Amino acid sequence: MIQPPLPADEAHRLQTLRSLNLLDTPVEGRFERITQLAQTLLDMPIAAISLVESDRQWFKSIQGLSATETSREVAFCAHTIVDRQPQIIHDARENERYHDNPLVTGEPGIVFYAGQPLYAQDGSCVGSLCVIDRQPRNLDDRQVDILKRLGELTEREINHPPEDLSMSAFVDRMEQRLLATFTDPLTRLWNHIGISALLQDILTRSQDDPKTIGMLGITIPGLASMAEERGQDTVDQVVREVGRRINATAWPADVVAHVGDGRFVMAVRSGEPDHQVVRFADQLKAHIDHLPVTLEEQPIPVSIETQTRIFLPTQLTTAPILLSVVDPAPPQSGMTCVA
């Protein structure tokens with residue numbers, strides 16, 4: 001295996017990468033949609049947005065694998081950022097760089113790889129958008145162009161986050177070591193601690209211009225019996241898939257968290273929250289209730305229960321009150337609707 005060399009601008013590149021405030025943050029719908037498109041349009045089992053840090057590659061978004069990172073020394077994308085051009089490996093088993101790479105000889109068994117470099121505004125190559133298969137493949141000119149255009153879309157999201165995305169400002173003030181504690185390891189969404197801190201930050205900074213916030217609580221019932229019948233691994237996969245579906249349908253300004261035990265919460269701040277949160281709850285319930293989760297080609301029926309609460313500016317005081325849609329103790333104010 002040929003380990004990837006360091007780019008000539010490595011120190012500056014790492015500084016730029018860290019300034020983007022993406023590392024170790026929860027998954028976001030705007031990036032999930034890109035990797036889902038890459039996976040579908042190019043008919044690949046695996047698609048990822050990989051950011052190459054000093055000693056690891058970390059996946060801001062990944063489809064087809066549950067991994068969140070690998071060491072940098074085995075990362076295909078670590079070669080892509082050095083080459084600074086699209087890298088297409090038809091059969092890694094016959095490639096001098098990769099034939100004895102652990103990611104080829106072991107799990108996930110990479111055979112085909114195509115990576116499109118991703119650039120920050122200052123020209124630093126911070127990672128790649130890549131697609132992977134476990135069998136030899138090729139890309140025709142149209143498919144190469146699709147990967148390039150999706151890479152350009154990824155760069156736009158990396159360099160120009162939505163102006164009203166409070167998470168960017170919040171992450172900018174957080175120490176890197178704290179961010180990992182704010183993320184749920186199962187779903188890669190915000191966890192209870194993270195969503196509480198983020199909501200409190202939003203409330204503090206919006207005191208001069210408070211806005212209505214719609215809160216949506218989502219619960220997957222029957223997980224205990226599912227664990228007894230099918231095992232905890234099945235439960236984890238169901239929770240992960242439901243979280244992915246919820247997050248994929250959220251708008252950039254909305255915030256999604258898994259607060260534990262198959263309970264999710266979403267803060268809706270886009271559009272008109274008092275109308276949008278109820279409509280979204282109905283649409284989400286219909287979508288999940290009528291589309292089973294498929295595991296190893298076996299459909300597993302899943303349903304959700306939703307609860308919505310609209311908080312007017314005068315009712316916005318603390319994060320625990322906002323999170324009451326999934327916490328046991330109901331708040332003293334606000335309008336409730338259970339579906």
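Structure values in brief
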| quantity | calculated |
| --- | --- |
| Test for residue 79: is it at pLDDT 95 or above and part of a loop (DSSP other than H, G, I, E, B) | no |
| Selection status of residue 61, outside the structural domain of residue 236 (by TED's automatic domain parsing) and touching an Asp or Glu at 6+ places or on another chain (Cβ under 8 Å) | yes |
| Qualifying residues in the range 110-155 (those that are touching a Ser or Thr at 6+ places or on another chain (Cβ under 7 Å) and either surrounded by fewer than 18 Cβ atoms within 10 Å (Cβ to Cβ) or among the small types (Gly, Ala, Ser) (or both)) - the one farthest from residue 57 (Cα to Cα) | 122 |
| Qualifying residue in the range 317-334 (condition: in contact with a strand residue (DSSP E or B) (Cβ under 6 Å, 6 or more places away or on another chain), at pLDDT 80 or above and either over 19 Å from residue 193 (Cβ atoms) or in the same structural domain as residue 184 (by TED's automatic domain parsing) (or both)) | no |
| Answer residue from the range 246-285, given it is part of a helix (DSSP H, G or I) and surrounded by fewer than 17 Cβ atoms within 10 Å (Cβ to Cβ) and is modelled with the lowest pLDDT among those | 274 |
| Any hit, the range 93-109, residues being in a helix (DSSP H, G or I), assigned by TED's automatic domain parsing to the domain that holds residue 61 and loosely packed, with under 13 Cβ neighbours inside 10 Å | yes |
| Unmet requirement for residue 13, which otherwise passes all of (1) within 26 Å of residue 146 (Cβ to Cβ); (2) within 25 Å of the chain's Cα centre (by Cα) | (1) |
| Those residues of the range 158-191 which are at pLDDT 65 or above, outside any loop (DSSP other than H, G, I, E, B) and surrounded by fewer than 19 Cβ atoms within 10 Å (Cβ to Cβ), in sequence order | 159, 178, 179, 180, 181 |
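The values are calculated or read from the model by the stated rules, or taken from the named source; none is laboratory data. If you're wondering where the values come from, they're calculated on a predicted model, not measured in any experiment. With ideal geometry, Cβ positions are generated from the backbone for all residues, glycine too; neighbour counts draw on all protein chains shown.
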